[in-house]
Amino acid sequence: MCAWQTTTDESESSQTVLVTGGAGYIGSHVCKALRNAGYLPVTYDDLSGGHRWAVRWGPFEKGSLSDTARLDAVMRRHSPVAVIHMAGLIAAGDSVVNPMSFYDTNVTGTLALLASMRRNGVKQIVFSSSAAVYGEPQTELLDESHRTAPINPYGAGKLVCERILQDFSAAYGIRALSLRYFNAVGADPEGQIGEAHIKETHLIPLVLAAASGHRPSVTVYGTDYPTPDGTCIRDYVHVSDLAAAHVLGIPFLKEQPGNHIFNLGNGAGSSVRQVIEAARRVTGKPIMVQLKDRRPGDPAVLVADATQAKKVLGWQPAYAGLETQIETAWKWTDIAYAIVG
């Protein structure tokens, strides 16, 4: 599985797309979607959070965004038509404890990438942003005009990167698309790739680990939120649907100059308790729960209005139902634990 295995015949006419963080959970799904759409994805990843086995649809180039010489060499070698930027730290809770690391990796890394793009004549970038830029919602559904007031350094860093893209677009002609996704869930429906973090922080894989016996229980952080059952509500969007939106962004930017921002979500929220109950139904397993106090930096509710992505990009989620999302993740659970131990 470690060797480059393409699922589509390689073509010399394939346009190359550089995917930073392409060995990660979402990034590997993006690479598969790119290959299926006729592009050649080149993964640039330092493997600090990703996996070499997940690079299956195009060349792998190991490197860090801070290594400007290496990054420039990769840009020159592959001459990408666009960059999909997904590299970075992702655990919002950890960002509260160690903001320096998050700003250094996520913000400084983005600046280094953009500088390399300028030096090498690459003009298009699709950026992995986050609903964390919104902070505490002021409306039931969050559209792109909602105020941005992040409550943790992770979200603040994403917002800084969005502003950098806006300024680079105005000053240097970079065409930029920031995709603010809500909670990524699920695994490749064909079972080829999925979520496999050594330090898992995402709710659904933790719930399924408890269902499969890999963990004794799942912890619920906070039962006193202003929600119907007291637990946080999130908009869960399937990772393959997120990947599809990134692919759509490339022809969109070819036709549309400037800086653009779209939400990616299903427009319906599920509470932590509802996720656990859905997982019990899907797996048929008992799931033990431990209740603890809230974590810092967790908004009560985050639900997307993704009208613009659907209207302008033509994005249509194919796996919108929570139980369908959990089913794909459940099929992957034992494989993930066999990989990471």
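The values are calculated or read from the model by the stated rules, or taken from the named source; none is laboratory data. Predicted model, so just to flag it, every value in this text is computed and none were measured. All Cβ positions, glycine included, derive from the backbone under ideal geometry; neighbour counts span all protein chains shown. Side chains are part of the model used for accessible areas, which takes the heavy atoms of the whole protein and leaves out ligands, DNA and RNA. Shrake-Rupley method; radii C 1.70, N 1.55, O 1.52, S 1.80 Å.
Some notes on this structure:
- The alpha-carbon of Lys32 sits under 19 angstrom from the alpha-carbons of these lysines, leaving out residues fewer than 8 places away in its chain: Lys62, Lys331.
- Gyration tensor verdict on the stretch 153-294 (Cα atoms; rounded if a/c is under 1.5, prolate if a/b is larger than b/c, oblate otherwise): prolate
- Spatial separation of Cα centroids for the stretch 66-137 and the stretch 232-297, in angstrom: 21
- Relative protection proxy for 266-277, 250-261, from highest mean packing down: 266-277, 250-261 (other beta-carbon atoms within 10 angstrom).
- Here the stretch 291-341 exposes an accessible surface that is 50 percent carbon and sulfur, computed with a 1.4 Å probe and the other protein chains kept in place.
- Cα pair distances of the stretch 163-232 binned at 5 Å [whole percent]: 3, 12, 13, 15, 14, 10, 11, 10, 7, 4, 1
- Karplus 3J(HN,Hα) series, Hz, for the stretch 297-311 with 6.51 cos²θ - 1.76 cosθ + 1.60 (x for Gly, Pro): x, 9, x, 6, 9, 9, 9, 8, 9, 9, 4, 5, 4, 6, 6
- Share of carbon and sulfur in the accessible heavy-atom surface of the stretch 81-198 [1.4 Å probe, %]: 53
- Hits among lysines - C-alpha to C-alpha of Lys123 under 19 Å, sequence gap 8 or more where chains match: Lys254
- Qualifying lysines (Cα of each under 24 Å from Cα of Lys292; at least 8 residues distant if same chain): Lys199
- Cα gyration tensor shape of the stretch 88-135, rounded if a/c is under 1.5, else prolate or oblate by comparing a/b with b/c: oblate
- Gyration tensor (alpha-carbon) shape descriptor, the stretch 249-312, a/c threshold 1.5: prolate
- Computed on the Cα trace of the stretch 51-173, the radius of gyration divided by the Kirkwood hydrodynamic radius gives Rg/Rh = 1.00.
- Integer Hz, Karplus 6.51/-1.76/1.60 couplings in order for the stretch 152-169, x for Gly and Pro: 9, x, 4, x, 4, x, 4, 5, 4, 5, 4, 5, 4, 4, 4, 5, 5, 5
- Distance from the C-alpha centroid of the stretch 28-56 to that of the stretch 153-184: 21 Å, rounded to the whole angstrom.
- Nonlocal amide H pairs with Gly297, under 5 Å, H built at 1.01 Å: none
- Mean separation of Cα contacts under 8 Å (6+ apart) over length of the stretch 84-129, as relative contact order %: 59
- Between amide H atoms placed 1.01 Å from N, distances below 5 Å from Ser178 occur with Phe127, His260, Ile261, Phe262, all of them 5 or more places distant or on a separate chain.
- When you work out D = kT/(6 pi eta Rh) for the stretch 112-232 at 25 °C and 0.890 mPa s, using the Kirkwood radius from C-alpha pairs as Rh and the Stokes-Einstein form, the result is 140 µm²/s.
- Bridge type composition, the chain - antiparallel percent by DSSP, nearest 5: 5
- The distance between label points at Gln15 and Ser79 comes to 1.5 nm (points 7 Å beyond Cα on the Cα→Cβ vector).
- Scaled against 2.2 N^0.38 Å for its residue count N, the alpha carbon radius of gyration of the stretch 27-82 is 1.11.
- Once C-alpha pairs closer than 8 Å and six or more residues apart are averaged by separation and normalised to the residue number of the stretch 64-168, the relative contact order reads 33 percent.
- Computed over the alpha-carbon pairs of the chain, the distance histogram in 20 Å steps reads 32, 60, 8 percent, short to long.
- Per residue solvent-accessible surface (Å²) - the chain, probe of 1.4 Å: 42
- For Ile233, residues with placed amide H under 5 Å, excluding near neighbours: Val301, Leu302
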